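Structure, as structure tokens:
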Amino acid sequence: MMGNISLAEISRIRKLHQRKYRAIEKKFIVEGSKLIMELLTSGWVYESIYCSNARVLPPTLSEAQVSMIGSKEMSRISCFNTEPGLLAVVEMPSPKQFEHDSGVILMLDGIQDPGNLGTIIRTADWFGVSQIILSKTSVELYNPKVVQATMGSVFRVSCYYMDLPEVISSFTNTTVLVSDVQGNSSWDQGKYNKLAIVIGSESQGVSKEVADKADHLISIPGAGGKADSLNAAVACGII
């Protein structure tokens, strides 16, 4: 044993750095005081919490409730170059059934950058958008960089991996707005009872199959600058 963690535990947690093992174990890693505070209030089930620095423990946690380990051991199980001193192994929740009754949902077509997805989830949470549908080609929700970039919003925003054209075809009385550089100004849109906003991948945009199902193509007007595009997460926030 090293501190309160064994070599076998270290090996098992390190495997969760990889997507295939997260899928097998149905578990993922959450790191840092802020995210673990969010975890504790979310109702999500966690397996264990490890701490290498008692000063970063949230007020609701005591040393008796966590496994205290050394910085060296924490560095070995952390997903990041600079370990934050607090790490939890969390169980993935059972998938929910998607329902679109009213309000706004986001649809993401082929988002590949983990930081972008995490930021989009955090932005959706800020604006009260509680559901995101991702194409099956999008980056994995429980990628450590995605989880970190959500800053805890991963526990509040429901994400579904589905076939986007199929989902759009099933909508009733839902207006579908697809972000496209050739679209009409997003400032000119009205208000809708049920709305789906589709954001495309960082390099390819929205697929033709999805764009063909749009009610309207929308774009963000520039203000005289020369950049040819916006970061996907920034565009999502503006829209």
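Each other residue within a Cβ distance under 14 Å of Asn193 adds +1 if Lys or Arg and -1 if Asp or Glu, for a net charge of 0. Between Gln65 and Asn231, the simple label model (points 7 Å from Cα in the Cβ direction) yields a spacing of 3.4 nm.
Please report the orientation-averaged projected area of the chain, defined via the convex hull of its C-alpha atoms, in nm². Kindly include the intermediate steps, with their values, before the conclusion.
Numbers: hull surface 58.0 nm².
Value for the chain: 14.5 nm².
With all protein chains kept in place, the per residue accessible area of region 35-112 amounts to 52 square angstrom at a probe of 1.4 angstrom. Once the Cβ-Cβ distance of Gln112 and Ser6 is raised to the sixth power relative to R0 = 30 Å, the FRET efficiency obtained is 0.25. In region 28-87, Cα pairs under 8 Å separated by at least six residues give a relative contact order of 46 percent.
For a label point 7 angstrom out from the Cα of Ala54 toward its Cβ, which stretches of region 1-44 have the backbone nitrogen within less than 20 Å? What the label zone holds, given the 20 Å backbone N cut-off, is 2-5, 32-34, 37.
Grab the Cα-Cα distance for Thr137 and Phe80, subtract it from 0.36 nm times how many residues apart they are, and report the gain in nm with one decimal. Write out the running numbers ahead of the final one.
Details: separation 57, 0.36 × 57 = 20.52 nm, distance 2.46 nm.
Additional length available on full extension: 18.1 nm.
Protein-only accessible surface at a 1.4 angstrom probe places the residues Arg55, Arg22 in the order Arg55, Arg22, largest first. Annotation: for a label point projected 7 angstrom from Cα along Cα→Cβ of Lys191, no residues of region 200-239 have a backbone N closer than 13 Å.
Note down the relative contact order for the chain as a percent, whole number, built from C-alpha pairs under 8 angstrom at least six residues apart.
On the way: 431 pairs, mean separation 45.5, N = 239.
RCO, the chain: 19 percent.
What does the convex hull of the Cα atoms come to per residue for region 95-148, in Å³?
Numbers: hull volume 4.3 nm³, N = 54.
Looking at region 95-148, the number lands at 81 Å³ per residue.
In sequence order, region 214-231 has phi-based couplings of 6, 7, 8, 9, 10, 9, 9, x, x, 10, x, x, 10, 5, 8, 6, 10, 4 Hz under the Karplus curve 6.51 cos²θ - 1.76 cosθ + 1.60, θ = phi - 60°, and Gly or Pro positions carry x. Length, then width, then depth: along the principal axes, the Cα atoms of region 29-106 run 49, 26, 20 Å.
Computed from the C-beta positions of Met151 and Val45, the FRET efficiency with R₀ = 25 Å rounds to 0.75.
Rolling a 1.4 Å probe over the protein heavy atoms of the chain, with every protein chain left in place, gives an accessible area that is 48 percent carbon and sulfur. Comparing Leu164, Gly70, Tyr142 along the charge dipole axis of region 43-187, the residue lying farthest to the positive side is Gly70, per the Cβ-charge model. Neighbours of Arg19 by Cβ distance under 13 Å: Lys/Arg scored +1, Asp/Glu scored -1, total +4. Note on Lys194: lysines with a C-alpha under 27 Å away, same-chain residues under 8 apart excluded, are Lys96, Lys136, Lys208, Lys213.
Divide the volume of the convex hull around the Cα atoms of region 1-40 by the residue count and you get 89 Å³ per residue.
What area, in nm² and to one decimal, does the C-alpha convex hull of region 1-133 cast on average over all directions? Mind showing how you got there, number by number?
Working: hull surface 37.7 nm².
Result: 9.4 nm².
By the rule of a C-alpha distance below 14 Å, with chain neighbours fewer than 8 residues away ignored, the aspartates and glutamates paired with Lys26 are Glu47, Glu91, Glu140. Amide H to amide H distances under 5 Å link Ser48 with Val89, where only residues 5 or more positions off or on other chains count and H is placed in the peptide plane.
For region 124-239, the alpha carbon positions stretch 37, 36, 26 Å along the principal axes, listed from largest to smallest.
The values are calculated or read from the model by the stated rules, or taken from the named source; none is laboratory data. Keep in mind it's a predicted model, so treat the numbers as computed, not measured. Cβ atoms come from the backbone with ideal geometry, glycine included; neighbour counts cover every protein chain shown. Ligands, DNA and RNA are stripped out before the accessible areas are found, and what is left, the full protein with its side chains, is counted by its heavy atoms. Shrake-Rupley method; radii C 1.70, N 1.55, O 1.52, S 1.80 Å.
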